[in-house]
Structure formats: structure tokens, C-alpha cells
């Protein structure tokens, strides 16, 4: 049979296998493969001895890296995360020796989701994650609050009373005196 004599079903199965090889080789890091960056896009899950095997005291409190990705192919990553989340639905005894609310954690729709993590390899051979996505979310939220305050103060400064006060005293009124900046935006007030 030559290359041109494939039936439709043979062509489809060959195409699918080539596509899977392409996706796996180009998107996912192998376990031993080094990456060029300190941070990775990864899918992580809490270590649970009932799911991952015997209890290891060094891994007990950590997130295990399930998969590391070379680049952001969001459809592929979300599909893989949904598959992992669906596996947790069928877990018979969802208990954990540390986390009392483990059942609520794993039953969330976004329990396993793409995260920006720093991977650390332990002596036991486990790859654990330090999740950095949280800090990005905090910075975004703080930045949005600063922008909202800047817009409010700018609107106050445009009011006629504020402009007259500035002309008479040389300073803005107290309620719109200082304009927030990025400097020190993560310090607690």
C-alpha cells in the first residue's frame, strides 16, 4: 500500500497519533528535561498519600507538579486540567491527614488549573511547586485599586470648588491633596 492508498479511518488514526506526538514533544517538559527559565506554567495538585502513594514527610505539605509546559497553549492546558479535575470526582475516600477541608478543595472546578510556579526537586525525587500566580493576582488587584483612587482624585480636582481652592491657597483641598503612586503599593496601610 502506498502513501496515497490510505482509507479514511487509517488516515485519521495516523493523523491523531502524529498530532499527539507533536503536542507531547513540543508542549510538555519531560520529567528530567531542564528548562531555561526559573518559572514554569504547570498543573499542580496537593500531595495526598492515598492518591500518590506512601506518606513522605518531606512532600506532605507541598503541591506536586503534575505537568510542566514549555509554552502557553491554553486550550491544551485547560483540557488536561479538566481531565485531572474529573479524576478527583471519582476519588472514593477524599480525606487528607493535614487539610481538614480537602474534600472541598478537590471538588472545586478549578482545583487543578494552570499556575506560574517555581519547581524544586527534593531528595526523594518529587518535583514540588512554589506557586507564584497568587502574587501576580495581588499586584493586579492593588494596581486596580490605585488606578481607581487616581481617577477619583482626578475627578475631584476637576471640580470648580477644588480649582478655586488651589488658586487661593496654592494647594489642592485635603480630600484630593495626594495622588497615589506605584511606590509602596504593596505596603499595608
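The table for this structure:
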{"item": "Estimated distance in nm for a label pair at residue 60 and residue 141, the labels positioned 7 Å out from Cα along Cα-to-Cβ", "result": "3.0"}
{"item": "Net lengthening on full extension, residue 78/residue 130 (0.36 nm per residue, minus Cα-Cα)", "result": "16.7 nm"}
{"item": "Separation in nanometres of the label points that stand 7 Å from Cα toward Cβ, at residue 159 and residue 37", "result": "4.6"}
{"item": "Contour excess over end-to-end distance, with Cα ends at residue 122 and residue 89 and 0.36 nm allotted per residue", "result": "9.0 nm"}
{"item": "Relative counts (whole %) of C-alpha pair distances in region 137-176, using bins that are 10 Å wide", "result": "30, 37, 21, 10, 1"}
{"item": "Inter-probe distance in nm under a simple model that places probes 7 Å from Cα toward Cβ, at residue 185 and residue 109", "result": "2.9"}
{"item": "Likely footprinting exposure, 185, 80, fewest C-beta neighbours within 10 Å first", "result": "185, 80"}
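Bear in mind these aren't lab numbers, they're just calculated from the coordinates by the rules spelled out. None of the values given here were measured: they were computed from a predicted structure. No Cβ is skipped: glycine too gets one built from the backbone with ideal geometry, and neighbour counts run over all protein chains shown.
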